[in-house]
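What follows draws every value from the coordinates through simple rules; no lab data is involved. Keep in mind it's a predicted model, so treat the numbers as computed, not measured. Cβ: placed from backbone, ideal geometry, glycine included. Neighbour counts: every protein chain shown.
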Amino acid sequence: MPDNYQIMYSPPPLEKQNKFFMAQEDSVADIAKDIKEQVTKGLADEGRIKRYFGNSLYKIFNPNGLDKNFWTDDKCE
């Protein structure tokens, strides 16, 4: 998915976002098929490793409070 944490950085250009979306179409179709067929899959080790390091980096970076000057209006602008 495209980056969307606007507090830290701007979203990528629309062309790059569309590439992300197109790349995920097959994955979404596979996930939908598994749900429909009630297929159960375990979490891959790679996913656990990424989650561990991601959580560790989040704690080190500690982005809490970066959004204190962030606001939007009714149109999300």
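Results, tabulated for the structure shown:
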item	result
Extreme residue, positive dipole direction of segment 14-61, given options Leu14, Asn55, Ala32 (C-beta unit charges)	Asn55
Additional length obtainable on full extension of the chain from Leu14 to Lys59, 0.36 nm per residue less Cα span	13.2 nm
Gain on full stretching of the segment that runs from Ala23 to Asn69 - 0.36 nm per residue minus C-alpha separation	13.2 nm
